[in-house]
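> One structure is given below, represented as C-alpha cells, and several questions about it will come after.
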Amino acid sequence: MKKKIILVILILILILGGWIYIINKNKEKETISEYKPQEEISDEQLRQSIVSLYFKNKSSDELMPEGRLIDVKLLLNEPYKTLMQFLIDGPKNEKLEKLIPDGTVINKIELKKDILYIDLSKEFIEKHEGGENRESATIYSIVNTMTQLTEVNGIKILIDGKEDQQFKDGKIKFNDIFVKLDN
C-alpha cells in the first residue's frame, strides 16, 4: 500500500513539474521586447507634409500627381495661394509639364462656403497654348490639386475679377464651378 501511495505521489510530482515547465516556456514566448524606432524623427520632419500637385505627363498627356514635401506653416498661413503658386512654378519632375502659362499672377483667392474662387491675371488665358484637351488639363490640374483640401469641393475661376471669361478659342468657359471628376 505504501508503494502505491509513493507511486501516485511521484506521478503527481512529475505531472506538476511538467505543467510548471510548460507554463514557464509559454511565458518566455509572451515576453514583449521594447519597441525601438529605427530612426528618430527630427523637428524639421515634423513640420513637413506631402501634397500632390497635378501636372501633365509629357508622354501620355494625362494628369499625374507629383508629391511635394512642404513646410506645414505654408499650408497653415496661405494654403490656397501656396498650392496655386506651386502649380504656376511647375513640376520638379522632368517627365511632367506645367500647364499654367508663364506670367500668370494670382490676384486673389477666397473660399466661400466650399467653393474656392481663384482670380488670375489675363495671362492665364492670353498666353495659354489652347486646344480643348490642354485647356481641360489646365483646369483639372487646379481642381485636382485644390480639392485635396477637405474644405474645397469646387473651383470658380475669375480673370482679373471677371466671372464669365473663357479661353481664347471659346471651347472652355469659366461660367460654371469646376468639380473633381470621378475616375
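The values are calculated or read from the model by the stated rules, or taken from the named source; none is laboratory data. Predicted model, so just to flag it, every value in this text is computed and none were measured. Neighbour counts run over all protein chains shown; Cβ positions are idealised from the backbone, glycine included. Calculation scope for accessible area: heavy atoms of the full protein, side chains included, ligands and nucleic acids excluded. Shrake-Rupley method; radii C 1.70, N 1.55, O 1.52, S 1.80 Å.
> Checking K108 against (1) in contact with a Phe, Trp or Tyr (Cβ under 9 Å, 6 or more places away or on another chain); (2) at pLDDT below 95, which test does it fail?
Tallying (1) in contact with a Phe, Trp or Tyr (Cβ under 9 Å, 6 or more places away or on another chain); (2) at pLDDT below 95, K108 fails exactly one: (2).
> Can you spot a residue in segment 129-141 that is more than 25 Å from T82 (Cβ to Cβ) and touching a Pro at 6+ places or on another chain (Cβ under 8 Å)? So that I can check it myself, show each step before the final result.
Residues of segment 129-141 more than 25 Å from T82 (Cβ to Cβ): 129-133.
Next, only the ones that are touching a Pro at 6+ places or on another chain (Cβ under 8 Å) stay: 129.
There is at least one residue in segment 129-141 that is more than 25 Å from T82 (Cβ to Cβ) and touching a Pro at 6+ places or on another chain (Cβ under 8 Å).
> In segment 139-183, what residues are among the aromatic types (F, W, Y) and either open to solvent by 20 Å² or more (accessible area, probe 1.4 Å) or at positive phi (or both)?
Y140, F178
> Sticking with this one: Looking for whichever is touching a residue at least 40 places away in the same chain (Cβ under 8 Å) and open to solvent by less than 100 Å² (accessible area, probe 1.4 Å) here; the options are L87, L74. Which one fits?
Numbers: L74 fails: touching a residue at least 40 places away in the same chain (Cβ under 8 Å).
Just a single option satisfies the conditions, and that option is L87.
> I would also like to ask the following. Looking at this structure, is K81 open to solvent by 80 Å² or more (accessible area, probe 1.4 Å), modelled with pLDDT of 90 or more and outside any helix (DSSP H, G or I)?
Working: open to solvent by 80 Å² or more (accessible area, probe 1.4 Å): yes; modelled with pLDDT of 90 or more: yes; outside any helix (DSSP H, G or I): no.
No: the conditions fail for K81.
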